[in-house]
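First up is the structure itself, then whatever we jot down about it.
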Amino acid sequence: MNRTGSATGELLGIDFGALSDRTLYRASDHLFKHKTALEDHMFGTVETLFNLQPVVTLYDLTNTYFEGEAAGQPKAKHGHSKERRSDAPLLTLGAVLDSSGFLRRTGIFPGNVVAAHTLETMLTALAVPRGGIVVMDRGIATEDNRAWMRAQGYIYLVVARSPTRVFDPNAAMTTVSTASKGEVTVYRDRVDGQEADATPYSEVLLRCHSIAREKKETGLMTHFQDRFEEGLRALQEGLSKPRTRKTLTDVQRKIGQLQKANAVVAQHYDITVTPDPTNTRAVAITWTLDPSEGSMLHKPGVYSLRSNCLDWDAEAMWKTYAMLTDTDDPGESVFRSLKSELGLRPIYHHKERRADGHLFISVIAYQAIQVLRTRMAQTGMTASWTTIRNALRTLPRITTAFARPDGRPDGRRVHIRNTALPNADQAAVYHAMQIAPPARNLRKTVV
């Protein structure tokens with residue numbers, strides 16, 4: 001085995017240890033030059049392999065970060081980092097994928113790119129057929145983007161950017177459910193609007209109430225409330241203790257810091273600071289909770305969906321959304337796999353083409369692994385790439401050495417190297433992939 005613990009090079013007849021970094025970098029450059037053709041070929045292959053009928057297109061962005069200043073990287077920009085690495089320069093990967101989880105096309109953008117500004121570029125480059133369903137995050141589904149999609153003949157399904165949690169009692173109500181999301185009450189309504197040129201249009205609006213989501217959001221908001229009120233109590237109790245904040249300015253500044261750190265719930269509190277007669281020291285802090293109408297705190301478990309497909313009934317629209325936001329949400333699964341399993345982050349390269357190649361190689365690796373995971377899912381197996389890799393890691397090639405039986409005085413020994421037999425877990429992976437386990441690949445040498 002080589003230093004990576006893999007016998008791949010031996011089985012393929014390639015000495016990876018003898019390959020220089022420069023050789024590998026050149027291979028990366030060459031791959032990236034043919035990025036579009038390779039992505040089309042990969043997705044076309046899996047369409048045929050799994051008989052996919054790509055109707056739904058998902059679009060989302062993620063980012064990775066550079067180690068160092070990345071001075072030679074023109075797309076390296078500071079922005080919002082999902083890994084909380086806003087201190088580092090970022091590079092953004094945009095992905096268009098099918099609901100099966102396979103990537104159709106990717107784009108590489110500056111680290112400070114605004115998600116809403118990339119949709120037209122990506123869908124145009126992808127040549128997504130008109131009439132296809134496009135699912136987007138609410139941050140991308142701006143009014144301008146929805147207007148452009150209507151003009152281009154796309155159908156969209158999005159979470160409303162400004163959802164109202166107040167139900168219209170006159171809207172048609174439907175109760176639907178799935179095994180993973182439980183029972184959801186859906187109210188279907190139709191809303192009318194006008195394009196910039198005064199052309200009228202209509203959308204379907206669903207207001208959904210999920211019991212499971214209500215429990216989750218209630219627990220989350222309770223956690224935020226407890227943390228915020230604990231900070232207020234500590235500040236209040238400090239007014240009667242020595243060497244603590246007591247001046248009116250300091251207390252108000254601290255309350256402002258607490259509100260900023262707990263913005264999700266702080267907006268629902270009325271806080272009063274009572275000053276002393278000199279108006280310089282705080283003597284009391286009181287607060288009351290007054291949830292805003294239609295907020296998560298007021299109506300947990302409620303969200304709104306919107307679409308320009310007027311033919312959808314409430315159940316079909318909601319189940320399409322549920323399929324795409326299940327626990328195995330394709331978008332989240334892709335980015336999680338790229339970051340945690342396939343080396344998307346961080347980036348150490350100093351040249352732009354090398355950083356772009358770094359991201360694209362991760363994309364190629366993901367497509368190959370997604371084939372494996374899809375094959376396994378068809379046999380009822382669900383596992384991450386890390387789990388699969390750890391299972392296969394214990395399938396070694398073994399060298400057995402022993403002295404020659406003829407007792408020759410030169411001390412030469414016989415070395416026999418072959419592959420071990422797979423255990424049950426390893427055999428299951430090969431079965432799911434519809435390939436035979438590796439041959440023993442027996443090699444005998446005398447040294």
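Below is a table of values for the structure above.
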| read-out | value |
| --- | --- |
| Flag if ASP15 is acidic (Asp, Glu) and free of Cβ contacts under 8 Å to residues at least 40 places away in the same chain | yes |
| Criterion: outside any strand (DSSP E or B) and closer than 27 Å to PRO300 by Cβ - qualifying residue of ARG245, ARG233 | ARG233 |
| Filtered residue count, the range 94-116, keeping only those that are hydrophobic (A, V, I, L, M, F, W, C) and open to solvent by 10 Å² or more (accessible area, probe 1.4 Å) | 6 |
| All positions within the range 192-206 that are in contact (Cβ under 8 Å) with a residue 12 or more places away in the chain and part of a loop (DSSP other than H, G, I, E, B) | GLU195, ALA196 |
| Pairs, first outside any helix (DSSP H, G or I) in the range 366-391, second of a type in the set (Ser, Thr, Tyr) and surrounded by 15 or more Cβ atoms within 10 Å (Cβ to Cβ), C-beta under 8 Å, six or more apart | SER384/SER337 |
| Long-range neighbours under 8 Å by Cβ, at least six apart or interchain, first residue at positive phi within the range 424-436, second in a helix (DSSP H, G or I) and open to solvent by 30 Å² or more (accessible area, probe 1.4 Å) | GLN434/ARG375 |
| Boolean, THR57 is in contact with a strand residue (DSSP E or B) (Cβ under 8 Å, 6 or more places away or on another chain) and either under 16 Å from ALA355 (Cβ atoms) or assigned to a loop (DSSP other than H, G, I, E, B) (or both) | no |
| Single match in ALA391, ALA383, ALA377, ALA355 (criterion: under 20 Å from PHE43 (Cβ atoms) and either more than 16 Å from the chain's Cα centre (by Cα) or basic (Lys, Arg) (or both)) | ALA377 |
| Of all residues making up the range 12-47, the number that are within 17 Å of ILE369 (Cα to Cα) and open to solvent by 90 Å² or more (accessible area, probe 1.4 Å) | 1 |
| Residues of the range 108-159 satisfying the condition of being touching a Ser or Thr at 6+ places or on another chain (Cβ under 6 Å) and over 19 Å from LEU305 (Cβ atoms) | PHE109, GLY111, VAL113, VAL128 |
| Failed item, numbered, when LEU91 is tested on (1) at pLDDT below 90; (2) open to solvent by less than 30 Å² (accessible area, probe 1.4 Å) | (1) |
| Within the range 204-213, considering residues that are in contact with a helix residue (DSSP H, G or I) (Cβ under 8 Å, 6 or more places away or on another chain) and closer than 16 Å to ASN308 by Cβ, the one surrounded by the most Cβ atoms within 10 Å (Cβ to Cβ) | LEU206 |
| Subset of the range 217-256 (residues that are in contact (Cβ under 8 Å) with a residue 60 or more places away in the chain and among the charged types (D, E, K, R)) | GLU217 |
| Residue satisfying condition, being surrounded by 18 or more Cβ atoms within 10 Å (Cβ to Cβ) and either farther than 24 Å from ARG336 by Cα or of a type in the set (Asp, Glu) (or both), within set TYR154, TYR65 | TYR154 |
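To keep it simple, each residue is scored yes or no on (1) in contact with an Asp or Glu (Cβ under 7 Å, 6 or more places away or on another chain); (2) among the aliphatic types (A, V, I, L, M); (3) over 15 Å from PHE360 (Cβ atoms); (4) part of a helix (DSSP H, G or I).
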{"site": "GLU10", "(1), (2), (3), (4)": "no, no, yes, yes"}
{"site": "TYR25", "(1), (2), (3), (4)": "no, no, no, yes"}
{"site": "ALA37", "(1), (2), (3), (4)": "no, yes, no, yes"}
{"site": "THR45", "(1), (2), (3), (4)": "no, no, yes, yes"}
{"site": "GLN53", "(1), (2), (3), (4)": "no, no, yes, no"}
{"site": "THR62", "(1), (2), (3), (4)": "no, no, no, no"}
{"site": "GLY68", "(1), (2), (3), (4)": "no, no, yes, no"}
{"site": "SER100", "(1), (2), (3), (4)": "no, no, yes, no"}
{"site": "PHE109", "(1), (2), (3), (4)": "no, no, no, no"}
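The values are calculated or read from the model by the stated rules, or taken from the named source; none is laboratory data. Not measured: the values here are computed from a predicted model. No Cβ is skipped: glycine too gets one built from the backbone with ideal geometry, and neighbour counts run over all protein chains shown. Note: areas computed on protein heavy atoms with side chains; ligands, DNA, RNA excluded. Shrake-Rupley method; radii C 1.70, N 1.55, O 1.52, S 1.80 Å.
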